[in-house]
1. Of all residues in the range 357-379 being over 25 Å from the mean Cα position of the chain (by Cα) and surrounded by 18 or more Cβ atoms within 10 Å (Cβ to Cβ), which is farthest from Leu178 (Cα to Cα)?
2. For Tyr144, indicate whether it is open to solvent by 10 Å² or more (accessible area, probe 1.4 Å) and assigned to a helix (DSSP H, G or I).
3. When you look at Leu217, is it surrounded by 21 or more Cβ atoms within 10 Å (Cβ to Cβ) and in contact with a strand residue (DSSP E or B) (Cβ under 8 Å, 6 or more places away or on another chain), yes or no?
4. Residues of the range 289-303 being over 20 Å from Thr262 (Cβ atoms) and either open to solvent by 70 Å² or more (accessible area, probe 1.4 Å) or part of a helix (DSSP H, G or I) (or both), which ones?
5. Pick from the range 191-205 the residues that are buried (at least 20 other Cβ atoms within 10 Å of the Cβ) and in contact with a helix residue (DSSP H, G or I) (Cβ under 7 Å, 6 or more places away or on another chain): which of them is nearest to Arg42 (Cα to Cα)?
6. Select from the range 228-283 the residues that are of a type in the set (S, T, N, Q) and buried (at least 19 other Cβ atoms within 10 Å of the Cβ) and list them in ascending order.
7. Can you find even one residue in the range 304-324 that is among the hydroxyl-bearing types (Ser, Thr, Tyr), open to solvent by less than 70 Å² (accessible area, probe 1.4 Å) and either within 26 Å of the chain's Cα centre (by Cα) or within 30 Å of Ser240 (Cβ to Cβ) (or both)?
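The values are calculated or read from the model by the stated rules, or taken from the named source; none is laboratory data. Every value quoted in this text rests on a predicted model; they were computed, and no experiment measured them. With ideal geometry, Cβ positions are generated from the backbone for all residues, glycine too; neighbour counts draw on all protein chains shown. Just so you know, the surface numbers come from the protein's heavy atoms only, side chains and all, with ligands and any DNA or RNA stripped out. Shrake-Rupley method; radii C 1.70, N 1.55, O 1.52, S 1.80 Å.
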Amino acid sequence: MTEWLGIEHLFELEGAEVVWGFLTPLLVFIAFFVVQLILPGRWVPGYVTNPETGEPRNYRLNGILVFVIAVIVWATELTGMPRDWFYRSSAYAAAGGTLLTVVMTAVAVFTQPQGEVKNRFLAWWFGRTQEIQFFSGRVDVKMYFYVVGGTMLVLNAWSGAAYHHDRFADDANPGVFLYAAFLSFYVFDYFVFERVQLYTYDVIHERLGFKMFWGGLMVYGWLYILPLWGLAAHPDPGFSGVGRYVWLIGAPALYFCGWCITRGANMQKYTFKRWPERKFLGFMEPQYIQAGDRKILCSGLWGYARHFNYFGEWCFGLAIASVFGHFTNLWAWSYFACILALFIYRQLDDDKHCAEKYGAEKWEEYKSRVKYRIVPGIY
């Protein structure tokens with residue numbers, strides 16, 4: 001089966017290495033928790049209201065500092081761990097991390113009051129509470145997920161690139177290194193604008209169940225590199241001439257386009273939520289529908305589609321699918337397929353939340369003004 005899938009190289013660990021691979025996520029989770037706890041951070045208010053005070057909940061953010069230190073430790077091999085370890089152990093780590101998040105979720109869910117969800121499986125899957133914080137809020141679980149998941153996404157990608165380079169040397173595929181660079185920029189950009197994440201779907205709506213634990217830690221941190229599982233074991237695709245330039249310039253250009261859409265849309269929404277009357281970028285006049293004491297933004301980038309930021313994520317996924325140059329290899333399309341399904345689900349779920357939040361009548365008015373869900377003119 002592994003040979004048919006083209007991932008037999010991920011099952012070459014033997015003896016104690018298998019155990020260490022299985023335990024890698026546990027060691028990573030502990031290390032990140034300690035580092036995030038002890039490093040300095042800045043306290044900022046978010047969008048979610050603390051029910052105990054009636055004021056916006058405060059979050060302590062130090063993701064960029066944790067990220068930079070983790071990259072330095074990995075790159076310099078300060079722990080004695082080879083740079084390609086995360087990639088070579090990724091299949092075992094995915095199994096061990098999944099089992100670990102099953103247990104972590106059970107503790108997080110079943111130590112909370114029962115709430116409205118009576119079915120224990122659904123409670124475990126979706127969660128019972130939206131927020132869990134430790135040490136007087138010094139570590140917030142959702143923001144911890146993003147720090148661990150984002151940093152491990154980058155380290156896993158570069159670990160795969162290190163494996164690829166060691167295996168192919170002069171015949172290495174430049175697309176593998178571009179892929180790692182894409183993810184590095186994506187995550188670094190997130191940490192630069194970490195505060196903006198406090199105004200997004202996950203923090204505002206998601207509860208802490210297995211979907212969030214596994215998704216934030218393992219899917220984001222380890223499984224988003226699925227294209228590398230199959231493609232780090234393939235050399236340069238062999239394009240020459242104009243085709244090579246189209247490939248190596250076109251994929252980064254598509255990625256940059258997607259980043260501009262997603263970052264721009266998220267920043268416009270963040271600006272609107274904090275300063276409702278301020279022009280975004282100095283020229284995008286905010287237009288909105290008043291729904292009681294709430295406002296629904298429907299101009300600028302948010303006038304093109306109700307979830308225009310997701311369109312940028314899809315462009316990013318297409319860039320990843322094309323950057324390896326192995327267009328007929330299904331592994332290249334694995335990330336795009338996952339991200340396509342994820343954001344269709346999120347769009348449907350978020351529309352339901354918004355109809356409840358703003359009122360069905362106002363939401364219908366908004367839908368009549370902004371007709372497309374994600375892709376302008378198509379969907």
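1. Per the criteria, the residue is Lys362.
2. yes
3. Working: surrounded by 21 or more Cβ atoms within 10 Å (Cβ to Cβ): yes; in contact with a strand residue (DSSP E or B) (Cβ under 8 Å, 6 or more places away or on another chain): no.
No, not satisfied.
4. Gln290, Asp293, Arg294
5. The initial filter retains those residues of the range 191-205 that are buried (at least 20 other Cβ atoms within 10 Å of the Cβ), namely 191, 194, 197-198, 203.
Of the ones still in play, those that are also in contact with a helix residue (DSSP H, G or I) (Cβ under 7 Å, 6 or more places away or on another chain) are 191, 194, 197, 203.
Numbers: Phe191: 13, Glu194: 11, Gln197: 15, Val203: 18 Å.
This residue is Glu194.
6. Thr262, Asn266, Gln268, Thr271
7. yes
Yes/no per residue for (1) under 28 Å from Leu61 (Cβ atoms); (2) of a type in the set (A, V, I, L, M, F, W, C); (3) at pLDDT 95 or above:
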position: Thr105; (1), (2), (3): yes, no, yes
position: Ala123; (1), (2), (3): no, yes, no
position: Thr129; (1), (2), (3): yes, no, no
position: Ile132; (1), (2), (3): yes, yes, no
position: Val148; (1), (2), (3): yes, yes, yes
position: Val154; (1), (2), (3): yes, yes, yes
position: Ala162; (1), (2), (3): no, yes, yes
